[in-house]
Amino acid sequence: MIVPISVGGSTDVMARLISQKLTEQLGVNVLVENKPGAGTIIGTEQLSKSPPDGYTLMTVAMEFSIQPSLQKVPYDPIKDFAFITQLTTGQYFFSCHPSIPINTIKDFINLAKSKPRVITFASSGNGSANHLAGLLFQSLTKTQLNHIPYKGAGPAGIALISGEIDFMFSNVSSAITHIRANKIRAIASTGEKRTLVMPQIPTISESGVKEFILTGFTLVLAPAATPRDIITKINHEIYLSLQSNSLKEKLNSLGLEAVGSSPEITTKFIANEIQKWAPVIRSAGLKVD
């Protein structure tokens, strides 16, 4: 199971959870291999060139759908892959270090406008979902922020906790433990509705930036020419995994919802996501640093 980000991010967490379940169900070791770099492109290109025999899979998140609009990628995001299933859906927290003197999105916007290009925000790399979120937030709020890319969500989260940077868009699943421990502060969530795991936290949309809605997802995919019977088998096994009470409870605790869609629905979903983000990225003038 290739993970095109470093250890510690939400995509990595989900890949390890589903790989463990598949190991138990199939009776074979499903090993997770992190291949971070170039905004997930290195790992994704590796999968596109892997043998289509069902022995190499990949777990991806929102970055997969935004990279083709941010830069030229060495693969076709639809034709070079077989989409097996959508694992989860979830959202992000606008989170800051506790030392930052803000409690609301309005507070933050006022602070950022008083210090153009001074307030720093971390991302898990150029072209990552939280990078795009920061750029979109700047565009909608007319603020000027200082982007600091890290080599994965794990290192970025550590930088936020240590106070090395001021804020970031943290995946709910990877941030929730640190928020509960008061190591970081959640100001708002990015979904259309409040996340069930912390319903007391308002959304960015209801906090005044109405156009800002960002939800994440995780998918499992294989190389394009993988035989249909193999795709069907893996889809079925993952569906069974997602139905288990133990995994459902774990996902709920991380603010994630299980999906378990068919290959056809998953393919349509990711094609729509790519099409959805392309005009947004162009109109906002978003580019990889």
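Can you pull out every residue in segment 121-158 that is outside any helix (DSSP H, G or I), over 23 Å from I213 (Cβ atoms) and of a type in the set (G, A, S)?
Within segment 121-158, G152 is the sole residue that qualifies.
Just wondering, is there one or more residues in segment 154-162 that are more than 21 Å from P4 (Cα to Cα), surrounded by fewer than 19 Cβ atoms within 10 Å (Cβ to Cβ) and not aromatic (F, W, Y)?
yes
Does segment 176-234 hold any residues that are part of a loop (DSSP other than H, G, I, E, B), among the β-branched types (V, I, T) and touching a Ser or Thr at 6+ places or on another chain (Cβ under 8 Å), and which are they?
I184, T190, T195, V197, I201, I204, V209, I213
Among the residues of segment 70-99, what is the count of those that are of a type outside the set (A, V, I, L, M, F, W, C) and more than 19 Å from T190 (Cβ to Cβ)?
Total satisfying the criteria: 11.
Is it true that some residue in segment 237-251 is touching a Ser or Thr at 6+ places or on another chain (Cβ under 6 Å), among the small types (G, A, S) and under 17 Å from T89 (Cβ atoms)?
No, because not a single residue in segment 237-251 is touching a Ser or Thr at 6+ places or on another chain (Cβ under 6 Å), among the small types (G, A, S) and under 17 Å from T89 (Cβ atoms).
Can you tell me which condition I100 does not meet? The list is (1) outside the structural domain of G39 (by TED's automatic domain parsing); (2) closer than 15 Å to E273 by Cβ, and all the others hold.
That leaves (2) as the condition not met.
Counting only residues that are aromatic (F, W, Y) and closer than 12 Å to S65 by Cβ, how many does segment 209-230 have?
1
From I109, I84, which residue is in a helix (DSSP H, G or I) and either touching a helix residue (DSSP H, G or I) at 6+ places or on another chain (Cβ under 9 Å) or over 26 Å from V7 (Cα atoms) (or both)?
Exactly one residue qualifies, and that residue is I109.
Among the residues of segment 115-140 satisfying the criterion of being surrounded by fewer than 19 Cβ atoms within 10 Å (Cβ to Cβ) and touching a residue at least 12 places away in the same chain (Cβ under 8 Å), which is farthest from the chain's Cα centre (by Cα)?
Applying the filter and picking the extreme gives P116.
Kindly indicate whether any position in segment 233-250 is closer than 24 Å to S174 by Cβ, free of Cβ contacts under 8 Å to residues at least 40 places away in the same chain and among the acidic types (D, E).
Within segment 233-250 (the criterion being closer than 24 Å to S174 by Cβ, free of Cβ contacts under 8 Å to residues at least 40 places away in the same chain and among the acidic types (D, E)), the answer is yes, since at least one residue qualifies.
So if I check each of E206, E192, E249, which one is at pLDDT below 95, more than 19 Å from the chain's Cα centre (by Cα) and not hydroxyl-bearing (S, T, Y)?
Exactly one of E206, E192, E249 is at pLDDT below 95, more than 19 Å from the chain's Cα centre (by Cα) and not hydroxyl-bearing (S, T, Y), namely E249.
Are any of the residues in segment 18-29 under 16 Å from the mean Cα position of the chain (by Cα), surrounded by fewer than 17 Cβ atoms within 10 Å (Cβ to Cβ), part of a loop (DSSP other than H, G, I, E, B) and hydrophobic (A, V, I, L, M, F, W, C)?
no
Give the number of residues within segment 252-275 that are touching a helix residue (DSSP H, G or I) at 6+ places or on another chain (Cβ under 8 Å) and assigned to a helix (DSSP H, G or I).
Adding up the residues that qualify gives 5.
The values are calculated or read from the model by the stated rules, or taken from the named source; none is laboratory data. Just so it is clear, the model here is predicted, and its values are computed rather than measured. Cβ coordinates were reconstructed from backbone atoms using ideal geometry, including for glycine residues, and neighbour counts include every protein chain displayed.
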